[in-house]
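Student: The structure follows.
Rule-based calculations on the coordinates, nothing more; no lab input. Keep in mind it's a predicted model, so treat the numbers as computed, not measured. Methodologically, a virtual Cβ is constructed for each residue, glycine included, from the backbone with ideal geometry; neighbour enumeration extends over all protein chains shown.
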Amino acid sequence: MPVILETTAGTGQLIAAAIIGFAIIIALITKFKLHPFLSLTIGALAVGAIAQLSLEEILESYSTGVGSTVASVGVLIALGAIIGKLLADSGGADEIVDTLVSKASPATLPWAMALIGAVIGLPMFFEIGLVLLVPVILLVTRRSKLPLMRVAIPALAGLSTIHAQVPPHPGPLAAIGLLKADLGVTLGLGVLIAIPTIIVAGPLFSRLAARWVPVDAPDLFLNSDENGRSGIAPSHPKISVNLMTVLLPVILMKGKALADIFAAKGTVIRNALDFLGQPMFALLLTTLLAIFTLGKTSGMDKEAISDCIGASLPPIAGILLIVAAGGGFKQVLGDTGIAKLLAAGSTRSSVSPLLMAWLVAVVIRLATGSATVATVTAAGILEPVAATLPPSLAALLVLAIGCGSVFFSHVNDAGFWLIKEYFGISVGENIKSWSLMETVLSVCGLLLVLLVSVII
C-alpha cells in the first residue's frame with residue numbers, strides 16, 4: 001500500500017503534478033518516440049519533483065514500485081512466457097486452435113474467445129490470464145484469418161469483466177470483505193451483470209476495434225508457418241493433455257479462492273489449497289508439468305526443451321522493463337497522496353451511492369493504474385456508506401466499484417503495456433482498442449448496476 005511521504009505541496013499542485021506527469025509520458029512516447037521504459041521513469045521523477053518530494057524520496061518510491069512489480073508481476077510474466085512457448089513449440093497450441101476453429105465459425109469465434117477469457121480469468125489476476133491466453137489468441141488469429149482485434153478484444157473483455165465483477169476473483173472478494181456485502185448475492189448479481197457486459201465490450205465492440213486498429217497477429221512467441229502453425233516438435237500432445245496443462249493454474253487458483261470462502265482457517269485442506277493456489281507456485285508447478293506433458297510427450301529432447309525455454313525469455317525483456325517502470329510511476333503517484341486526494345474529493349459530491357462508488361474507483365484507477373488498488377481503496381473509503389445499505393444494494397456497491405476500477409486503462413497500467421507489447425501495436429492503437437474497450441466495459445457495467453438497482 002502507498003505510504004504518504006512528506007510534502008508541502010498543496011492540493012492544486014498535487015493535481016497538477018499528476019496531469020503534467022501523464023502529459024510528459026504521452027509526449028515522450030508519441031512525439032519524441034522515446035522508449036516507454038525511459039518515458040515512464042522520467043514521468044515518475046517529474047511527478048515527484050512537482051509534488052515537492054526530495055530526490056531521495058522520489059528515488060526510494062520509484063525503486064520500491066519497480067521492485068514490488070518485478071517481484072509480483074514480473075516473475076509471473078516470465079513463467080507464463082515459458083508455458084506459452086512450450087505450448088506453441090510442442091504443437092499443443094495448434095491442437096487447441098484446431099479444436100476451436102473446427103467447432104466455431106468465423107462469426108461465432110469471437111464469442112468462443114470471450115467465453116474462454118471469462119473462464120480463464122475467474123480465479124486469477126488479469127496479467128496471469130493474459131500471458132496464458134496470448135499464444136492461443138495469436139494462433140487463432142493466424143488460422144482463422146480474422147483481424148487480431150476480432151479475436152483479442154473478446155478474450156480480453158472476458159478476462160477484465162470477471163476481474164472487475166465476479167467473485168471468487170480476488171478484487172471483488174476484497175471489496176465484499178471490506179463492505180461486508182453478502183457473497184452469494186454479489187456472486188449472483190455479478191454473473192447477471194457480467195454476461196451482457198462481456199457481450200457488449202467483447203464480440204460487439206471488437207467489430208469497431210478491428211475497423212479502427214486493422215492489424216494482424218505478430219510473431220511473438222511463435223515460429224509459425226504461412227498457415228499459422230507454430231509446432232516444431234515431432235508430434236503434438238493430445239488435446240486433453242494440452243487442456244489439463246493450461247487449466248492447471250486455473251484449477252489451483254480457483255481451489256484457493258473457494259477454500260478462502262468455504263474452508264475454515266488452519267485446516268489441512270485450507271493450508272494446502274492456499275499454498276498450491278498462490279499464483280507464483282501455481283505457475284511454477286504448471287511450468288514444470290509442461291516440460292513433461294508438452295515437451296517430453298511431443299518428442300522434444302532435453303536440448304530442444306532447454307532451447308525452447310531460453311527462447312521464451314528474450315522477447316519479454318522489454319515488456320518486463322516497461323511493466324516495472326509503470327509500477328515505479330504508480331508508486332510515486334500513490335506515495336505523494338494524489339490518489340487519496342482525488343478519491344476524498346469524489347466522496348464529497350452529492351450523488352447516489354452507486355454512482356459515487358463508481359466515481360471514486362474511477363479517479364483512483366486513473367491516478368494509480370491498478371484495478372486492484374482502486375477496488376480496495378474505494379471499498380475502504382465507502383465502508384461507512386455500505387453500512388447503511390440493505391444487502392442487495394451493498395452487493396451492487398461492490399459491483400459499481402469493480403466497474404469503476406477498470407475504467408480507461410492508460411500509461412500507468414501494467415496491463416496497458418503488456419497488451420501493447422504482446423500485440424505489437426502503437427500507443428494510439430492500444431488506446432483505440434484496449435483502452436476504449438475497458439471504458440465501454442466500465443460504463444456498460446455501471447449502467448447495468450443502476451438498472452438492477454431500480455428493479456430490485
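Student: With labels modelled as points extended 7 Å from the Cα through the Cβ direction, what inter-label distance (nm, one decimal) is found for SER54 paired with ALA272?
Tutor: Between SER54 and ALA272, the label points sit 5.3 nm apart.
Student: Hey, another quick one. Tabulate in residue order the Karplus-calculated ³J(HN,Hα) for the range 362-369, using 6.51 cos²θ - 1.76 cosθ + 1.60 with θ = phi - 60°, rounded to whole Hz; enter x for Gly and Pro.
Tutor: After applying 6.51 cos²θ - 1.76 cosθ + 1.60, I find 4, 5, 5, 4, 5, 7, 9, x Hz.
Student: THR11 versus THR30, label points 7 Å from Cα toward the beta carbon: distance in nm?
Tutor: About 2.9 nm separates the two model spin labels.
Student: What does the charge count near VAL246 come to, summing +1 for each Lys or Arg and -1 for each Asp or Glu among other residues with Cβ under 15 Å from its Cβ?
Tutor: On the way: positive: LYS85, LYS238, LYS254; negative: ASP89, ASP94, GLU95, ASP98.
Spelling it out: positives minus negatives among the neighbours equals -1.
Student: Same structure again: Summing -39500 (n - 2.57) over the DSSP H runs of n ≥ 4 in the chain and dividing by its residue number, what mean residue ellipticity at 222 nm do you reach, to the nearest 500 deg cm²/dmol? Intermediate results must be reported in sequence, preceding the final value.
Tutor: Values: 24 runs with 326 residues, N = 456.
Estimated from H runs of four or more residues: -23000 deg cm²/dmol.
Student: Further question: Test of understanding: extend the Cα→C-beta vector of ILE239 to 7 Å, then name every residue of the range 81-120 with backbone N under 14 Å from that spot.
Tutor: Those under the cut-off are 92-105.
Student: Can you bin the range 82-123 into rounded, prolate or oblate? Criterion: square roots of the alpha carbon gyration tensor eigenvalues sorted a ≥ b ≥ c, rounded for a/c under 1.5, prolate for a/b above b/c, oblate for the rest.
Tutor: Values: a/c = 3.33, a/b = 1.25, b/c = 2.65.
Here the range 82-123 falls in the oblate category.
Student: Loop sites only, by DSSP: take the trypsin sites (Lys or Arg not before Pro) in the chain that have at most 14 other C-beta atoms within 10 Å and name the longest stretch containing none of them.
Tutor: Details: sites that count: LYS31, LYS33, LYS145, LYS180, LYS238, LYS265, ARG348.
Within the chain, the longest run free of exposed trypsin sites (Lys or Arg not before Pro) spans 34-144.
Student: Can I ask one more? Could you pull out every residue, at least 5 positions away or on a different chain, whose amide H is within less than 5 Å of the one on ALA217? Hs are placed 1.01 Å off N in the peptide plane, and Pro or chain starts have none.
Tutor: Counting only residues 5 or more places away or on other chains, the set is LEU148.
Student: Still on this model: Distances longer than 34 Å among the Cα atoms of the chain: what percent of all pairs is that? List each step's numbers first, then the result.
Tutor: Values: 32843 of 103740 pairs.
Counting every Cα pair in the chain, those more than 34 Å apart make up 32 percent.
Student: Could you calculate the FRET efficiency of ARG211 with PHE292 from 1/(1 + (r/R0)^6), where r is the beta carbon distance between them and R0 is 35 Å, rounded to 0.05?
Tutor: Details: r = 44 Å, r/R0 = 1.25.
The calculated FRET efficiency here is 0.20.
Student: Hey, another quick one. Quote to one decimal, in nm, the extra length available between VAL454 and ILE195 on full extension: 0.36 nm per residue of separation minus the C-alpha distance between them. Before the final figure, lay out each step's value.
Tutor: Values: separation 259, 0.36 × 259 = 93.24 nm, distance 1.88 nm.
Contour length minus Cα-Cα distance gives 91.4 nm.
Student: Karplus couplings for the range 436-449 from phi (6.51 cos²θ - 1.76 cosθ + 1.60, θ = phi - 60°), rounded to Hz, Gly and Pro as x?
Tutor: Computed from phi, the couplings for the range 436-449 are 5, 4, 4, 5, 4, 4, 5, 5, 4, x, 4, 4, 5, 4 Hz.
Student: With r as the distance between the Cβ atoms of LEU284 and ILE261 and R0 = 41 Å, compute the FRET efficiency 1/(1 + (r/R0)^6) and round to 0.05.
Tutor: Working: r = 25 Å, r/R0 = 0.60.
After rounding to 0.05, the efficiency reads 0.95.
Student: Using θ = phi - 60° and the Karplus relation 6.51 cos²θ - 1.76 cosθ + 1.60, list the HN-Hα couplings for the range 277-292 in order, rounded to whole Hz, with x at every Gly or Pro.
Tutor: Residue by residue, the range 277-292 yields x, 4, x, 5, 5, 4, 6, 5, 4, 5, 4, 5, 5, 4, 4, 8 Hz.
Student: List the lysines whose Cα lies under 23 Å from the Cα of LYS296, skipping any in the same chain that are fewer than 8 positions away.
Tutor: Reachable lysines: LYS85, LYS238.
Student: Hey, what angle do you get for helix 109-121 against the long axis of the chain, alpha-carbon based, 0 to 90 degrees rounded to 10?
Tutor: Relative to the chain, helix 109-121 is tipped by roughly 70 degrees.
Student: Summing Lys, Arg as +1 and Asp, Glu as -1, what charge do residues with Cβ under 14 Å from the Cβ of ALA325 carry, ALA325 excluded? If you can, show how the numbers build up before the last one.
Tutor: Working: positive: LYS330, LYS420; negative: ASP413, GLU421.
With Lys, Arg at +1 and Asp, Glu at -1, the neighbours total 0.
Student: Enter the angle in degrees (range 0 to 90, nearest 10) between the Cα long axis of helix 183-199 and the first principal axis of the Cα atoms of the chain, meaning the one along which they spread out most.
Tutor: That works out to roughly 70 degrees.
Student: Additional query: Tell me the angle of helix 371-381 to the major Cα principal axis of the chain, expressed in degrees between 0 and 90 and rounded to the nearest ten.
Tutor: Relative to the chain, helix 371-381 is tipped by roughly 30 degrees.
Student: Among the lysines, which fall within straight-line cross-link reach of LYS432, defined as a Cα-Cα distance under 16 Å, with same-chain neighbours fewer than 8 residues apart omitted?
Tutor: LYS420
Student: Spin-label point model (7 Å from Cα, Cβ direction): what's the LEU247 to VAL119 distance in nm?
Tutor: Calculated label separation equals 0.6 nm.
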